[in-house]
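Okay, here's the structure, questions in a sec.
The values are calculated or read from the model by the stated rules, or taken from the named source; none is laboratory data. The shown structure was predicted, so the numbers you read here are calculated from the model rather than taken from an experiment. Cβ placement follows ideal geometry from the backbone for every residue including glycine, while neighbour counts extend to all protein chains displayed.
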């Protein structure tokens with residue numbers, strides 16, 4: 001069974017940035033891109049680096065800080081080597097100022 005968990009407010013996630021959080025003990029990365037919020041696994045599938053320590057580029061790609069692999073923040077797809085496996089994505093819901101992630 002899945003449920004939406006409140007992870008913070010809009011003000012907690014700066015536009016154009018990646019932010020790492022824990023949701024029920026699982027590392028999740030929140031991307032805030034031009035007013036829209038996305039959530040995905042915070043662990044690179046190539047070398048287990050935290051994606052939240054990388055950069056959000058082109059408003060749509062999380063760049064791993066370790067080896068530069070890029071992931072789509074919308075689909076989780078691995079866009080460039082050395083990563084070949086996608087990261088898992090999570091549904092995000094915004095209610096007023098509150099941000100929720102489905103787990």
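Scan 103, 7, 87, 28 and give me the residue that is modelled with pLDDT under 95 and surrounded by 14 or more Cβ atoms within 10 Å (Cβ to Cβ).
From the options 103, 7, 87, 28, the qualifying one is 103.
For the stretch 42-64, how many residues are under 14 Å from the mean Cα position of the chain (by Cα), at pLDDT 95 or above and not in a helix (DSSP H, G or I)?
Total meeting the criteria: 15.
Further question on the same structure: Just the residues that are surrounded by 12 or more Cβ atoms within 10 Å (Cβ to Cβ) and under 14 Å from residue 12 (Cα atoms), please, taken from the stretch 90-100.
Listed by number, the residues that qualify are 94, 98, 99, 100.
I've got another one for you. Step by step: first the residues of the stretch 46-97, then only those that are touching a helix residue (DSSP H, G or I) at 6+ places or on another chain (Cβ under 8 Å) and touching a residue at least 60 places away in the same chain (Cβ under 8 Å), then the one that is nearest to residue 27 (Cα to Cα). Which residue is that?
So the residue we want is 94.
Hey, could you check the stretch 71-84 for residues that are in a loop (DSSP other than H, G, I, E, B) and under 15 Å from the mean Cα position of the chain (by Cα) and say which is surrounded by the most Cβ atoms within 10 Å (Cβ to Cβ)?
73
Here's a follow-up. Within the stretch 12-34, count every residue that is more than 23 Å from residue 57 (Cβ to Cβ) and touching a residue at least 12 places away in the same chain (Cβ under 8 Å).
The number of residues fulfilling the criteria is 3.
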